[in-house]
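The values are calculated or read from the model by the stated rules, or taken from the named source; none is laboratory data. Computed from a predicted model, the values in this text were never measured in an experiment. Cβ sites come from the backbone with ideal geometry, for glycine too, and all protein chains shown count toward neighbours. The protein model used for the area step is the full one, side chains on, heavy atoms only, and it has no ligands, DNA or RNA in it. Shrake-Rupley method; radii C 1.70, N 1.55, O 1.52, S 1.80 Å.
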Amino acid sequence: MCAWMCVIKVSAFALLCVVNFLSRIREYLESHKEEMFSFLAELIAIRSVQNEPNGQFPFGKKPAKALEKMLNKCSEYGFITENIDWYAGSADFDSTEPVLGILSHLDVVPEGNGWESNPFVMKRKDGKLIGRGTSDDKGPAVASLFAMRAIKELDIPLKKGVRLIFGTNEENGSADLIYYRQKRNLPPMVFTPDGEYPVINGEKGMLRVYFSAEYNGACVNGGEVINAVPQSCSVGDGERCATLYSGKSAHASTPEKGDNAITQCLSVEGRENKLFGGLARLFPHGEWDGKSIFGDISGITCVLSLLNTMKDRLCGGIDIRFPIDRTKSEIGGIICEKLREVGFEIDSCDGSEPHYTDENSEFVQSLLRVYEKVTGEKGYCITIGGGTYVHDIDGGVAFGSTFPHEECNIHGCDEFITEENLLKNVEIMAETIIKICG
């Protein structure tokens, strides 16, 4: 009888400790949130858009500056940091071998037009933190840091190690992560807060096609990055381009939310220009599902996201997302053939196969249980058209940072994260660390 009483008391005490951890974390955040918002503003102030390699900095000085600031802050809080040749960096909780990795990135897409205020001066308005990178992905990166800091400063014991990994090239091909993995092993369990809740365990395949043709017509300047619907396209004579067409930016994985300025331009200019006309037939304005190219293949998104004149050539770029039952070889073969038919050469055609992690794995189920505990909402797995940072990591999933039905204007103007949800992300990450490593 006495033994059973002891077991009951120990179990009740253990449960009380788990409950108290979340309560203590929330109290900690309430007293440190202004410090967290302030540090996020410092990161937002760095325009960490990829630029030409500069000496030791593979993606330019600004992404490197953002990495340096983050690693310095991690060191200040007592974590073990490492800079992997300015491609990426890490912060370990302690010297224990990490079993959990939280992967975020500090680079951002260009600001684009239409902002109400300076995109690199974080603005607080109506409970929102507004600025380029607040949601994708500097806000979540800061959340991961403060989750680990809260655990450390509250003396919550961990039996296993955890590592934060910060990259600088996610928005332009993830060469940072490729390099990091050549130099260091990833922990056996990895999630990225570079998606949405509850858990993204399936991602469509992705293909990026660059093409060009000889050209001696009007100057064209459309799009800034390949993974976003272009919101402007300029056409003019000679080297001067007058802005003639305006659309709405959106992430290339959700093109239905945007208005493609390049295809808008082609629908008009294609009447007089053979190359434009060919592209206009392949990419009718308002079509985003690739039907004119791929016919009855469903589940595809297809965005003509770049079109520019470079010397004597017309150069373009296309972002395609395709379902998990197709291959990049199949999809690439179709798009390349269609482009050649209308007069273009293929400069490159590459991407990644679809990604899937078993929803019944212990890792995924642990994340779902944490989500349910912190939010009180039912956890479930989803498949998306976007490629997250873990797309090529076996067993990796995206876990946050946006919540269901939340629109944060990622890759658009006035990108934001709410103060409440940034704090909620910290709670979820801290609980995840405790559950897996405690």
Exercise for review: Give the ranking of D392, D126 by solvent-accessible surface, highest area first, calculated with a 1.4 Å probe.
Suggested key: D126, D392
Check your understanding: Do the alpha carbons of any pairs in K61/K183; K33/K248; K65/K138; K378/K424 sit beyond 24 Å of each other, and which pairs?
Key -> K33/K248
Check your understanding: Please identify the GluC sites (Glu not before Pro) of the stretch 137-245 that satisfy two criteria: DSSP loop assignment and at most 12 other Cβ atoms within 10 Å. Which are they?
Key -> E239
**Study point:** 19 Å Cα-Cα reach of K204 towards lysines, excluding residues that sit fewer than 8 places from it in its own chain
**Key:** K257, K291, K328
Review point. Based on the Cβ-Cβ distance of N72 and S329, what FRET efficiency does E = 1/(1 + (r/R0)^6) give at R0 = 41 Å, to the nearest 0.05?
Key: 0.40
**Study point:** Average accessible area per residue (Å²) across the chain - probe 1.4 Å, nucleic acids and ligands excluded
**Key:** 44
Point to revise | Loop-located chymotrypsin sites (Phe, Trp or Tyr not before Pro) in the stretch 344-392, at most 15 other Cβ atoms within 10 Å (DSSP) | key: Y380
Revision key, fill the gap. On the accessible surface of the chain, probed at 1.4 Å with all protein chains in place, carbon and sulfur together account for a percent value of 49
Study note, to complete from the structure: Ordering R340, R313, R184 by the accessible surface of their heavy atoms, 1.4 Å probe, largest first, yields R340, R184, R313
Check your understanding: How big is the charge dipole of the stretch 22-104 about its Cα centre, in debye rounded to the nearest 20, if each Lys and Arg gets +1 on its Cβ and each Asp and Glu gets -1 on its Cβ?
Key -> 380
Check your understanding: Accessible area of I384, 1.4 Å probe, to the nearest 10 Å²?
Key -> 30
Study note, to complete from the structure: Per-residue ellipticity at 222 nm attributable to helices in the chain (runs of n ≥ 4 DSSP H, -39500 (n - 2.57) apiece, nearest 500 deg cm²/dmol) works out to -11500 deg cm²/dmol
**Study point:** Relative contact order %, the chain, counting alpha carbon pairs below 8 Å whose residues are six or more apart
**Key:** 21
Revision key, fill the gap. For S90, S253, S267, the accessible-area ranking with a 1.4 Å probe, largest leading, is S267, S253, S90
Review point. Among the lysines, which fall within straight-line cross-link reach of K159, defined as a Cα-Cα distance under 19 Å, with same-chain neighbours fewer than 8 residues apart omitted?
Key: K435
Revision key, fill the gap. Note to self: C-alpha centroids of the stretch 175-225 and the stretch 32-110 sit apart, in Å, by 19
Exercise for review: Excluding G205 itself, calculate the net charge of residues whose Cβ lies under 13 Å from the Cβ of G205, where each Lys or Arg counts +1 and each Asp or Glu counts -1.
Suggested key: -2
Check your understanding: Listed highest first by mean packing, meaning other Cβ atoms within 10 Å per residue, what order do 130-136, 285-291 come in?
Key -> 130-136, 285-291
Review point. So what's the gap between the Cα centers of the stretch 419-433 and the stretch 310-349, to the nearest angstrom?
Key: 40
Exercise for review: Check the straight Cα-Cα distances from K311 and name the lysines below 20 Å, setting aside those fewer than 8 residues away within the same chain.
Suggested key: K274
Check your understanding: Placing +1 at every Lys and Arg Cβ and -1 at every Asp and Glu Cβ, with all other atoms neutral, what dipole size does the stretch 123-248 have around its Cα centre, in debye to the nearest 20?
Key -> 680
